[in-house]
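Written below as structure tokens is the structure these notes are about.
The values are calculated or read from the model by the stated rules, or taken from the named source; none is laboratory data. Just so it is clear, the structure is predicted and the values come from calculations on it, not from any experiment. Glycine also receives a Cβ, built like all others from the backbone with ideal geometry; neighbour counts cover every protein chain displayed.
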Amino acid sequence: MDITNSVAVVTGANRGLGRHFATQLLERGAKVYAGARNPASVDLPGAIPLQLDITDPASIERAVKTAGDTTLLINNAGISLRQPLIGGDLDLIRQEMETHYFGTLGVTRAFVPSIEANGGGAILNVLSVLSWLHLDVTGGYSAAKAAGWAMTDSVRHELAPRGIAVAALHVGYMDTDMAAHAPADQKTDPALVARQALDGIAAGLTEILADDLSRNVKAGLAG
């Protein structure tokens with residue numbers, strides 16, 4: 001995909017990895033809608049703040065009307081509530097699934113007609129190494145990301161005939177607020193992750209593994 005002439009919507013663009021996506025897209029010449037639940041929190045020069053709560057269908061509908069020229073959708077918004085599946089709070093587990101699976105799917109379904117009408121383009125879903133590595137303390141998050149992985153693969157096949165490429169990004173801990181609890185030596189620079197992901201989209205990759213942990217876990221799945 002030609003990033004330079006793209007029109008991108010980045011969900012969760014006000015901080016963390018999403019802000020790096022928006023920054024680097026602007027640097028590459030793209031027009032960028034920076035989605036956030038509170039658009040006033042978007043302080044990136046050149047980006048267009050876009051009110052977007054991915055768990056609110058009315059918010060998604062309004063965003064599509066505003067950003068009708070979209071050709072690239074980056075589904076980055078997410079939460080991490082660290083809930084085990086048996087002992088955790090079921091409402092919080094549902095919240096993770098509503099965000100990472102139903103929220104991402106809802107945004108994707110809403111923007112597909114615009115992307116197709118604009119001549120096609122691409123969608124990137126930000127997943128995680130925990131799509132494959134399922135730990136007890138992050139059971140809710142892992143289940144939601146695993147569902148997101150399956151959804152990404154299925155949607156890729158469904159949208160290919162419509163001129164829309166679909167890619168998945170897998171990564172472990174990054175140096176963002178979401179991973180503030182993790183040891184510093186286990187974190188990857190989110191700017192590097194965003195760069196790898198955008199390069200992958202430009203190259204037409206379907207799966208981007210942004211760190212050694214993701215590459216090693218993926219390689220060991222058959223075991």
Subset of segment 29-43, residues within 19 Å of Asn5 (Cα to Cα) and among the hydrophobic types (A, V, I, L, M, F, W, C), comes to Ala30, Val32, Ala34
Using beta carbons and a limit of 6 Å, which pairs, at least six apart or on different chains, have the first residue in segment 204-223 and more than 25 Å from Ala165 (Cβ to Cβ) and aromatic (Phe, Trp, Tyr) and the second one modelled with pLDDT of 90 or more and not in a helix (DSSP H, G or I)? none
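Enumerate the helices (runs of 4 or more DSSP H) found wholly within segment 1-104, keeping only those where 2 or more residues are of a type in the set (S, T, N, Q) and within 28 Å of Ser131 (Cα to Cα).
In segment 1-104, 16-27 are the helices (runs of 4 or more DSSP H) which contain 2 or more residues that are of a type in the set (S, T, N, Q) and within 28 Å of Ser131 (Cα to Cα).
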So Ser114 fits all but one of (1) under 22 Å from Thr4 (Cα atoms); (2) hydroxyl-bearing (Ser, Thr, Tyr); (3) at pLDDT below 95; what number is the exception? (3)
Would you check if there is a residue in segment 4-19 being surrounded by fewer than 18 Cβ atoms within 10 Å (Cβ to Cβ) and within 15 Å of the chain's Cα centre (by Cα)? yes
Within segment 25-42, restricting to residues that are within 11 Å of Ala8 (Cα to Cα) and touching a residue at least 40 places away in the same chain (Cβ under 8 Å), the one that is surrounded by the fewest Cβ atoms within 10 Å (Cβ to Cβ) is Ala30
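Based on what the data block shows, is Leu159 outside any helix (DSSP H, G or I), surrounded by fewer than 23 Cβ atoms within 10 Å (Cβ to Cβ) and not polar (S, T, N, Q)?
In short, no.
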Does Ala165 satisfy the condition of being modelled with pLDDT of 95 or more, part of a helix (DSSP H, G or I) and closer than 25 Å to Ala8 by Cβ? no
Over segment 80-95, the set of residues buried (at least 18 other Cβ atoms within 10 Å of the Cβ) and among the β-branched types (Val, Ile, Thr) is Ile93
For segment 43-79, name all the residues that are in contact with a strand residue (DSSP E or B) (Cβ under 8 Å, 6 or more places away or on another chain), among the small types (Gly, Ala, Ser) and in contact (Cβ under 8 Å) with a residue 24 or more places away in the chain. Ala47, Ala63, Ala67, Ala77, Gly78
Quick check on segment 105-149: of everything there that is aliphatic (A, V, I, L, M), out of contact with any Gly (no Cβ under 6 Å at 6 or more places or on another chain) and not in a helix (DSSP H, G or I), which residue is nearest to Leu17 (Cα to Cα)? Val126
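To keep it simple, each residue is scored yes or no on (1) closer than 25 Å to Leu92 by Cα; (2) under 17 Å from the mean Cα position of the chain (by Cα).
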site: Leu130; (1), (2): yes, yes
site: His134; (1), (2): yes, no
site: Thr138; (1), (2): yes, no
site: Ser142; (1), (2): yes, yes
site: Lys145; (1), (2): yes, yes
site: Met151; (1), (2): yes, yes
site: His157; (1), (2): no, no
site: Ala160; (1), (2): no, no
site: Ile164; (1), (2): no, yes
